[in-house]
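Have a look at the structure below before the remarks.
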Amino acid sequence: MQSDSVKSSNLYAVVMAGGAGSRLWPESRAKTPKPFLKLGEDGKSLLRATFDRLDGLVPLENRFVVAGRNFAQLVRESLPELGESRLLLEPIGRDTAPCVLWSALEIARLDPDATTIVLPSDHAIAPADAFRNALDVAARLVENRPERVVTLGIPPTEPSSAFGYVERDARLDEIPEELGVAYRAVRFHEKPDRETAIEYLASKRYYWNAGVFVWKARRILDLVKRLEPALGATIDELQALAPPQNRLLDACPRFDAIFSRAKRVSIDRAVLDKLTDDLVVVDCERFHWNDLGTYAALERLAAPDANGNAVVGARLVALNSSGVFARVAAPRLPSPRLPSPRQKLVALVGVQDLLVVDAGDALLVAKKGNDDALRELVEKLRDGSLDDYL
């Protein structure tokens with residue numbers, strides 16, 4: 001039977017504000033990682049934009065943010081309205097599975113029947129109301145059958161090997177079509193090679209996995225215990241802690257020790273890739289989605305000129321140049337002739353397919369399409385004598 005609506009008091013959300021962001025260096029640094037960069041709509045930080053998309057769907061008091069303990073002040077500055085008890089500070093990053101299980105423990109303690117949305121903070125999504133509608137559909141499906149794991153599926157526009165995929169099966173008839181479309185899912189698939197991605201695109205049976213999930217908090221805890229026993233043991237240890245310590249508002253040595261030795265693994269590998277039953281994917285063709293994990297993704301948000309050149313944060317003049325993407329995050333420069341600082345000018349002459357990023361103390365010039373090489377560059381800086389630029 002179809003649920004007419006989801007009780008907002010029963011709906012929770014967890015925003016994950018983590019990640020190294022190495023492929024967005026030099027803009028992303030150790031002290032200001034990607035969630036806190038102002039890459040979102042209307043100049044908002046990605047965390048702020050993600051949090052705001054939940055307005056009208058998830059009550060403020062039901063929203064949690066998980067971040068590294070070093071970023072507590074950045075979260076508070078971005079989200080001053082977030083209650084202290086809703087800020088979960090990891091002593092160390094252990095990938096998404098420990099993050100998810102800890103937030104699920106906290107939410108289940110508050111509401112054993114809670115339906116929970118888990119979402120990363122590095123997406124560009126528009127329009128926001130269509131996104132909220134997709135989350136509402138997913139929550140209804142979980143309310144109908146609490147054992148379900150529901151994900152948002154993005155219709156692929158290219159044979160990308162940068163994303164995981166979800167394979168769909170028969171369509172569900174529980175939700176009126178005017179609200180949305182959902183399918184039973186066969187299984188999740190890890191990032192494929194290009195040949196496999198081409199096959200996925202041609203079959204029209206696969207979605208990009210948006211990394212946005214909806215489930216009962218208790219359900220995901222049970223699945224972790226069954227499918228990833230090492231993390232299941234971590235859950236048992238955390239549950240044994242007294243609730244005030246378990247919230248980790250301040251450093252708790254016992255909590256730190258337990259969490260720090262939790263298995264480092266993503267929720268995808270720990271649970272989702274192993275599931276073949278009770279999987280549902282919600283079709284998300286009604287909004288635009290962009291995973292802002294690379295400069296190539298940021299370029300898709302820019303407005304290029306007739307030759308494919310685009311610049312953000314500066315003015316552009318180009319001569320015999322094409323396919324260049326430039327970002328200037330450095331402060332505006334003082335001008336002796338003008339009463340206020342002026343924008344930097346990026347001048348291009350005879351160059352093609354370059355990425356140029358000016359972050360003030362670091363300038364990146366790279367051939368486009370070298371996202372993995374950027375991670376290698378960051379490792380080179382880390383291993384050498386230039387790690388202060390990280």
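The values are calculated or read from the model by the stated rules, or taken from the named source; none is laboratory data. Remember, predicted model here, so these are calculated numbers, not experimental data. Reconstructed Cβ throughout: ideal geometry from the backbone, glycine too, with neighbour counts over all protein chains shown. For accessibility, only protein heavy atoms count, side chains too; no ligands or nucleic acids. Shrake-Rupley method; radii C 1.70, N 1.55, O 1.52, S 1.80 Å.
Would you mind checking Lys44/Lys204; Lys44/Lys263; Lys34/Lys368; Lys191/Lys274 for any pair whose Cα atoms are more than 25 angstrom apart?
Long pairs (Cα-Cα over 25 Å): Lys44/Lys204; Lys44/Lys263.
Rank-order 301-311, 137-147, 53-63 by packing density, defined as the average count of other C-beta atoms within 10 Å over each peptide's residues, highest first.
137-147, 53-63, 301-311
Among Pro112, Ala303, Ala359, whose Cα lies farthest out toward the positive end of the dipole of the chain, if unit charges sit on the beta carbon of Lys, Arg (+1) and Asp, Glu (-1)?
Ranked along the dipole, the leading option is Ala359.
Keeping every protein chain present and rolling a 1.4 Å probe, give me the accessible area per residue for the stretch 130-207 in Å².
In whole numbers, the stretch 130-207 has 46 Å² accessible per residue.
Of the peptides 115-123, 362-370, how do they stack up when ordered by the mean number of other Cβ atoms within 10 Å, highest first?
Descending packing order for the listed peptides: 115-123, 362-370.
Which order do the peptides 378-385, 279-286 come out in when sorted by mean C-beta neighbours inside 10 angstrom, highest first?
Peptide ranking by packing, descending: 279-286, 378-385.
Assigning unit charges at the beta carbon (Lys, Arg +1; Asp, Glu -1) and nothing else, what dipole magnitude in debye, to the nearest 20, does the chain show about its Cα centre?
With only Lys, Arg, Asp and Glu charged at Cβ, the dipole is about 820 debye.
Which entry in (1) 20.3, 64; (2) 21.9, 71; (3) 21.0, 75 is this structure's computed Rg and Dmax of the Cα atoms in Å?
So the calculated entry is the one marked (2).
Under 13 Å Cα to Cα from Lys216, which aspartates and glutamates show up? Leave out anything in the same chain fewer than 8 places away.
Those aspartates and glutamates meeting the cut-off are Glu106, Asp111, Asp113, Glu143, Glu147, Asp278.
Taking square-rooted eigenvalues a ≥ b ≥ c of the alpha carbon gyration tensor, is the stretch 41-139 rounded, prolate or oblate, where a/c under 1.5 means rounded and, failing that, a/b exceeding b/c means prolate?
In terms of gyration-tensor shape, oblate.
Working from Cα positions, state the angle (0 to 90°, nearest 10) between the long axis of helix 217-227 and the longest principal axis of the chain.
For 217-227 against the chain, the angle is about 90 degrees.
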